[in-house]
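Everything on this sheet refers to the single structure shown next.
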Amino acid sequence: MVTLKQAKLDIEAIRAEFPILDQKVNGKQLVYLDNAATNQKPQRVIDALTHHYQKDNANIHRGIHTLAERSTEAFEATRAAIQTFINANEVEEIIFTKGTSESINLVASSWGRKFLNEGDEVLISTLEHHSNIVPWQMICEEKGAVLKVMPINQKGEIILEEIDGLLSEKTKMVAFNHASNSLGSINPVKAIIDKAHAVGAKVLIDGAQATSHLNIDVQGLNADFYAFSAHKMYGPTGLGVLYGKRTELEKMPPYQGGGEMIKDVSFEKTTYNDIPYKFEAGTPGIANVIAFKSAIEFINEFGKENIAAHEAELLAYATAELKKIKGIRLIGEAKEKVGVLSFIVDGVHHYDLGLWMDAKGVAVRTGHHCTQPLMDFYGIEGSVRASFAVYNTIEEIDIFVNALKSTIEKFKN
């Protein structure tokens, strides 16, 4: 579990920036605890979207008129903000996609088709979201490569000492998440990257659950690829980022064809653009990209360490309170976690729990969380997942716990 000095944040002032939180659901004050799926958006992000469409809307890069130039400048300013946010070496190493899923698919398709051969191996972990399983299954089937899986223990931690036996000169790619979306487990990213590089493998990190909670330094990690989504960072949906080292991106063929990703087109031959534009075919989500800069500024304003400390307090408090309730089984109790808490209740289906919690105004996630192999590991169909963000409070956890208790009592009777 993350242990940091208690944050000195004015949470009520922060909450005031999120208009969606000020509402009732089923007659109850909304308690939103589904942040691992997506977090809510501060007014500054909403305003940035509105401003673009009201004042600056135009396509980017190819226009010379004023609106096009303003849109292009704002679009590229977000790319530069992301470079600083994750400490990439160059702004050209930042590629815009539709989300973490597309970022992973881009690497699996483009890098995988060029560099994977029959008998090569790709190593993932038991903790992975389907988005970091299925693309690798697809490319391995196409190329005749072998997919291997890093094991975990019952706490939901990758068993580091068993990785060496899975790595060899056949290993070409190691792909795993920085933090688990189902359990919140924070993985020993740097240690695994070093092990992978020692056998000549490349590494892709799924950072979807990490970027709003942890300080990300892609150069310090020495990751070859790092993928994440704006909507899990208080930003718009439909926008993702792929960081890749220039040395890797320049060797990869385009993922899609169309406008922007070309230098010159004839019926005989097409030459491709430089990075990052080589991987950004077509008109992107311009307004989403521009508004994402406001989300990054929101996180920077309050500081990741302060945000992480607040979320760690919420996680510790919620964990302790749930352990007091008879019949609850926590799923995944890794020592290092982001603010995610998964559990099941004896005799009550997770779906039923979610419905009754919603009736009390509490939004939690139920199901397999796009991690069916992980659910199989624990021998369950799914779980209830509560996940925390900077705007959540101890008082909301009390409401959540009391709603959970009354719901369990209802099913007992």
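The values are calculated or read from the model by the stated rules, or taken from the named source; none is laboratory data. A quick note: this is a predicted structure, and the numbers were derived from the prediction, not measured. Reconstructed Cβ throughout: ideal geometry from the backbone, glycine too, with neighbour counts over all protein chains shown.
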Looking at the structure I just gave you, is Glu260 part of a loop (DSSP other than H, G, I, E, B) and closer than 30 Å to Ile152 by Cβ? no
Could you list, in sequence order, the residues of segment 197-229 that are over 8 Å from the mean Cα position of the chain (by Cα) and over 15 Å from Ala88 (Cα atoms)? His197, Ala198, Val199, Gly200, Ala201, Lys202, Val203, Ser212, His213, Leu214
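Name the residues in segment 245-260 that are over 30 Å from Gly220 (Cα atoms) and more than 24 Å from the chain's Cα centre (by Cα), would you?
Looking only at segment 245-260, we keep the residues that are over 30 Å from Gly220 (Cα atoms), and these are 256-260.
Gly257, Gly258, Gly259, Glu260 - these are the residues of segment 245-260 that are over 30 Å from Gly220 (Cα atoms) and more than 24 Å from the chain's Cα centre (by Cα).
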Looking at (1) in contact with a helix residue (DSSP H, G or I) (Cβ under 6 Å, 6 or more places away or on another chain); (2) closer than 12 Å to Phe343 by Cβ; (3) assigned to a loop (DSSP other than H, G, I, E, B), which is the one condition that is false for Val384? (3)
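Applying the selection to segment 25-56, what residues are among the β-branched types (Val, Ile, Thr) and under 25 Å from Phe228 (Cβ atoms)?
The initial filter retains those residues of segment 25-56 that are among the β-branched types (Val, Ile, Thr), namely 25, 31, 38, 45-46, 50.
Within segment 25-56, Thr38, Val45, Ile46, Thr50 qualify.
Condition first: basic (Lys, Arg) and under 21 Å from Phe298 (Cα atoms). Now tell me which residues in segment 60-97 satisfy that.
First pass over segment 60-97, keeping only residues basic (Lys, Arg): 62, 70, 79.
Within segment 60-97, Arg79 is the sole residue that qualifies.
So if I check each of Glu102, Glu73, Glu118, which one is under 17 Å from Asp224 (Cα atoms) and among the charged types (D, E, K, R)? Quick ask: steps written out before the conclusion?
On the way: Glu73 fails: under 17 Å from Asp224 (Cα atoms); Glu118 fails: under 17 Å from Asp224 (Cα atoms).
Exactly one residue qualifies, and that residue is Glu102.
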Among what's in segment 32-58 and is outside any helix (DSSP H, G or I) and among the polar types (S, T, N, Q), pick the residue that is farthest from the chain's Cα centre (by Cα). Asn57
Would segment 255-269 turn up any residue that is out of contact with any strand residue (DSSP E or B) (no Cβ under 8 Å at 6 or more places or on another chain), closer than 30 Å to Ile46 by Cα, among the basic types (Lys, Arg) and not assigned by TED's automatic domain parsing to the domain that holds Tyr378? no
Is there any pair with a first residue in segment 157-181 that is under 20 Å from Ser110 (Cα atoms) and a second that is surrounded by fewer than 20 Cβ atoms within 10 Å (Cβ to Cβ) whose Cβ atoms are under 7 Å apart and which are 6 or more apart or on different chains, and what are they? Lys170/Gly119; Lys170/Asp120; Thr171/Val199; Lys172/Phe115; Lys172/Asp120
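So for segment 309-325 (the condition being in contact (Cβ under 8 Å) with a residue 12 or more places away in the chain, out of contact with any Asp or Glu (no Cβ under 6 Å at 6 or more places or on another chain) and under 29 Å from Ala108 (Cβ atoms)), does at least one residue qualify?
Narrowing segment 309-325 to residues in contact (Cβ under 8 Å) with a residue 12 or more places away in the chain: 309-319, 321-322, 325.
If we keep only those that are out of contact with any Asp or Glu (no Cβ under 6 Å at 6 or more places or on another chain) as well, we get 309-319, 321-322, 325.
Now restrict to residues that are under 29 Å from Ala108 (Cβ atoms): none.
Looking through segment 309-325, none of the residues is in contact (Cβ under 8 Å) with a residue 12 or more places away in the chain, out of contact with any Asp or Glu (no Cβ under 6 Å at 6 or more places or on another chain) and under 29 Å from Ala108 (Cβ atoms).
Scan segment 394-413 for residues that are crowded, with 17+ Cβ neighbours inside 10 Å and in contact with a helix residue (DSSP H, G or I) (Cβ under 9 Å, 6 or more places away or on another chain) and report the count. Let's see the steps before the verdict.
First, the residues of segment 394-413 that are crowded, with 17+ Cβ neighbours inside 10 Å: 396-397, 399-401, 403-404, 407-408.
Checking which are in contact with a helix residue (DSSP H, G or I) (Cβ under 9 Å, 6 or more places away or on another chain) leaves us with 396-397, 400-401, 403-404, 407-408.
Of the residues in segment 394-413, 8 are crowded, with 17+ Cβ neighbours inside 10 Å and in contact with a helix residue (DSSP H, G or I) (Cβ under 9 Å, 6 or more places away or on another chain).
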With (1) within 18 Å of Ala191 (Cβ to Cβ); (2) surrounded by fewer than 23 Cβ atoms within 10 Å (Cβ to Cβ); (3) within 22 Å of the chain's Cα centre (by Cα) as the list, and Asn153 as the residue in question, which single condition is left unmet? (3)
So for segment 296-303 (the condition being surrounded by fewer than 17 Cβ atoms within 10 Å (Cβ to Cβ) and among the small types (Gly, Ala, Ser)), does at least one residue qualify? yes
Going through segment 180-205 one residue at a time, which ones are over 15 Å from Leu167 (Cβ atoms) and either among the small types (Gly, Ala, Ser) or in the same structural domain as Ile380 (by TED's automatic domain parsing) (or both)? Ser180, Ser182, Gly184, Ser185
